[in-house]
Amino acid sequence: MMTIETKEILSQVCQQEQEERAKEKCRILVCAGTGCVATGSLKIYDELKKLCEDDPDVSVELQEHVEHVGIVKSGCQGFCELGPLVRIEPYSYQYIKVQLEDCKEIVDRTVKEGEPVERLFYEKNNRSYAHPKDITYFAKQTRIVLENCGNIDAESLKEYISVGGFQALSKALFELTPDQVVDEVDKSGLRGRGGGGFPTGRKWKQVAAHKDADVKYIVCNGDEGDPGAFMDGSVMEGDPYKLIEGMMLAGYAVGSTEGYIYVRAEYPMSVARLKLAISQLEETKLLGENILGSDFSFHMHINRGAGAFVCGEGSALTASIEGHRGMPRVKPPRTVDKGLWEKPTVLNNVETYANVPGIIMKGADWFRTIGTEKSTGTKTFSLTGAIENTGLIEVPMGTTLREIIYDIGGGLKGNAEFKAVQIGGPSGGCLTEAQLDEPLDFDSVKKFGAIIGSGGLVVMDQSTCMVEVARFFMSFTQRESCGKCVPCREGTKRMLEILERIVNGEGREGDIELLQELADMICNTALCGLGKSAPLPVLSTIKAFREEYEEHIRDRKCRTHTCQALREFKINPEFCIGCGKCAKNCPVGAITGVRKQAYHINNELCIKCGACKDNCSFDAIYVEV
């Protein structure tokens, strides 16, 4: 690829690539996001490519003036549960759960003839859906950050340029001053998508105000440590150039020439694609000195985190980049004044930066038409749990939980009854049926003791024990505590001990009040934002499901039978035929009886493992409510 040293060459490359893509009579997009790769999509890609190359009727040669088939590895197409996903353009056929044995039929029928393979379409309520726009999961979304994910080759700089990539940077460098870029981001109302929702423009202004600083830094938080969250990882995998362009715009706006992307080690594909993107940009001179012939220079670096949850906190993240142990520090000074190597630093997460090119290209007024007055734009969410359609989604701020769960998510699995959704991961809280019609934005969810966080949504049905949910998240937070401050290090440990006692049937009167007292202390005295928010899952579950805590403590009962220590197995003599299978499978000999007569379980010996129930062929064994 030629070096792109001026804005005119950039426009020329854009036009050339658009013309090249127009020659494709057919385009095969194989999802190469982590979820689909895990289910074998790269083998699907290799097989489709081989079949097309070996077939004399199909040309995959990228020669000038020759019609051909384009086969590319795209980013995450979003419908993660139904992978491997393959989409065929220009027909916009969306195939799900594609297997190796399906590839020949796809080539023979769709690539050659343009005919669909209908058995690979998404089906719901006895109806099949050929196109993404017809599937509610896609139709109800508004994609800005994820606009290119699943639609272009994630590893191709040419393809990013062909869809308008780096035009926002060109506009900023030659039509706007740095202050005008900052003002446009500020007017857009963009707030940080990493959890806190701090106004991005205000942060940039604070860094830009350090006119006398010899060095400033642009840092991207790609750590994303919340269980069940994979939004930032999908953007880094599926559209790495948009993230980099956003960081370059931030660099130009505040007067920085150095950018750092901090990615957790569990994201090897993100790291690989970011490295490839940076190397391609450096080769074409879109990264480095005097970009596009301007006075602006910018260099990018990648740092891999070791997987510490606390490194999602700003000061801990910058300490880790510097080579120190990732631990937060007392603030002030803030990162905007003394961040990386004690220099003024802009620190935003992946999704925040990925919004910036669109804002600069289309304007702040356009961005403000999406979302709510105080929470503008869209938000990406990872939708997981007891939901029919799990995957990656993007919706306008202010979209209700009901729309996300029942319209986009397709409702709960098996038409189960909704109970709650954990939002914001270990630092968030739970929302219940009473909040299904509340708008999801930064300010609204705070009223219910929760936060938007990075965007993880874990949907739970009535079979979920909320005390166990609180124990799980507290276990995660306590394990991930850096240990620097006493409130987080010791307070979360004490809270976890109480929760473990409760789920083990050893709860005491006053435990709920003690949990609330400890939570209040941690929220008010912990050193960093992660510590301060650690008790939120406990507080929100106590507020919404206090009766479950009381049942565990007072009655030694778990209504969902989730807590093993609180289960009591019984044998229904009307159904038991005395086959003895349960007794044979009991590991501790707690079941006795006479053949062809009803057996009996000694609950003093029973270890609540459930082996008897699992092996009973007559549904004679049940858990007493």
For the range 370-375, Karplus-derived ³J(HN,Hα) couplings (6.51, -1.76, 1.60; θ = phi - 60°; whole Hz; x for glycine and proline) come out as 10, x, 10, 4, 9, 10
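In percent, how large is the relative contact order of the chain, given Cα pairs closer than 8 Å and 6 or more residues apart? It would help to have the intermediate numbers written out before the result.
Working: 1317 pairs, mean separation 70.9, N = 625.
This gives 11 percent for the chain.
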Sorted by chain and then number, the residues having a modelled amide H within less than 5 Å of the amide H of residue 371, at least 5 places away or on another chain, are 377, 397
I'd like the Karplus ³J(HN,Hα) series for the range 150-158: coefficients 6.51, -1.76, 1.60, θ = phi - 60°, whole numbers in Hz, and an x wherever there's a Gly or Pro.
x, 10, 9, 5, 5, 9, 10, 5, 4
Where the eigenvalues come from the Cα gyration tensor of the range 137-205, what are the semi-axes √(5λ) of the equivalent ellipsoid, largest first, in whole Å?
25, 20, 10
Would you kindly work out the equivalent ellipsoid of the range 418-478 from its C-alpha gyration tensor and give its semi-axes, the square roots of five times the eigenvalues, largest first in whole Å?
18, 15, 8
Fraction of antiparallel bridges per DSSP, the chain only, in percent to nearest 5:
55 percent
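Given 10 °C and 1.306 mPa s, how large is the Stokes-Einstein diffusion coefficient of the range 466-555 in µm²/s, with Rh as the Kirkwood radius over Cα pairs? Could the numbers behind the result be given before it?
Values: Rh = 12.7 Å.
D, rounded to a whole number, is 125 µm²/s.
Go ahead and estimate [θ] at 222 nm for the chain from helices alone: -39,500 (n - 2.57) per DSSP H run with n ≥ 4, summed, over the residue count, rounded to 500. Before the final figure, lay out the partial values.
Values: 21 runs with 217 residues, N = 625.
Roughly -10500 deg cm²/dmol at 222 nm, from the helical runs in the chain.
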Classify the range 157-368 from the C-alpha gyration tensor, please: rounded if a/c falls under 1.5, else prolate or oblate depending on whether a/b exceeds b/c.
rounded
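Just flag the trypsin sites (Lys or Arg not before Pro) in the range 414-483 sitting in loop per DSSP whose Cβ has no more than 11 other Cβ atoms within 10 Å.
Numbers: sites: 419, 446, 447, 471, 479; in loops: none.
Those that pass, being in a loop and sparsely packed, number zero.
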In what order do 528, 311 fall by count of nearby beta-carbon atoms within 10 Å, going from fewest to most?
528, 311
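For the ranges 598-604, 221-227, what's the packing order if you count other beta-carbon atoms within 10 Å of each residue, average per peptide, and put the highest first? Walk me through the numbers before you get to the answer.
Values: 598-604: 15.1, 221-227: 25.4.
Ranked by mean Cβ neighbours within 10 Å, highest first: 221-227, 598-604.
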If you filter the range 339-404 for trypsin sites (Lys or Arg not before Pro), then keep DSSP loop positions with at most 16 other Cβ within 10 Å, what is left?
374
Debye intensity ratio in log₁₀ form over the Cα atoms of the range 378-461, taken at each q of 0.13, 0.16, 0.18, 0.21 Å⁻¹:
-0.32, -0.49, -0.64, -0.90
Please report, in whole Å, how far the alpha carbons of the range 331-399 spread along each principal axis, starting with the longest.
47, 33, 20
HN-Hα J couplings of the range 206-211 from phi, Karplus 6.51/-1.76/1.60, θ = phi - 60°, integer Hz, Gly and Pro as x?
5, 6, 4, 5, 7, 5
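Compute the Rg to Rh ratio over the range 1-130 from the alpha carbon atoms, using the Kirkwood formula for Rh, and round to two decimal places. Walk me through the intermediate numbers first.
Numbers: Rg = 16.2 Å, Rh = 15.7 Å.
Reported Rg/Rh (Cα atoms, Kirkwood Rh): 1.03.
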Please report the projected area of the chain's Cα convex hull averaged over all directions, in nm².
31.1 nm²
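Dipole magnitude of the range 157-368 about its Cα centre, charges +1 at Lys/Arg Cβ and -1 at Asp/Glu Cβ only, in debye to the nearest 20? Walk me through the numbers on the way to the answer.
Numbers: 24 positive and 27 negative charges, 86 e Å.
Dipole magnitude for the range 157-368 comes out near 420 debye.
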Debye, to nearest 20: dipole size of the range 364-481, +1 on Lys, Arg Cβ, -1 on Asp, Glu Cβ:
340 debye
For residue 55 and residue 570, FRET efficiency with R0 = 56 Å and r from the beta-carbon atoms, rounded to 0.05?
0.30
Does anyone have the angle between helix 466-480 and the longest principal axis of the chain? Alpha-carbon axes, 0 to 90°, nearest 10?
50 degrees
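What do you get for GluC sites (Glu not before Pro) in the range 365-474 restricted to DSSP loop and a cutoff of at most 14 other Cβ within 10 Å of the site's Cβ? Mind dumping the intermediate values first?
Values: sites: 373, 388, 394, 403, 417, 433, 468; in loops: 373, 388, 417.
Filter output for the range 365-474: 373, 417.
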One finds, for residue 133 and residue 290 with R0 = 41 angstrom and r their Cβ-Cβ distance, a FRET efficiency to the nearest 0.05 of 0.45
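How large is the dipole of the range 64-132 about the Cα centre if only Lys and Arg carry +1 and Asp and Glu carry -1, each at its Cβ, rounded to the nearest 20 debye? Write out the running numbers ahead of the final one.
Numbers: 9 positive and 12 negative charges, 60 e Å.
With only Lys, Arg, Asp and Glu charged at Cβ, the dipole is about 300 debye.
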Looking at the range 157-368 only, what percent of DSSP beta bridges run antiparallel? Nearest 5 please.
10 percent
Mean separation of Cα contacts under 8 Å, 6 or more apart, over the residue count of the range 466-555: relative contact order %
37 percent
Check residue 348: other-chain or 5+ apart residues with amide H under 5 Å from its amide H, H built from backbone geometry?
219, 221
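Read-outs: derived from the displayed coordinates by stated rules, not from any lab. Note that this is a predicted model, so its numbers are computed, not measured. Positions of Cβ are backbone-derived with ideal geometry, glycine not excepted, and every protein chain shown enters the neighbour counts.
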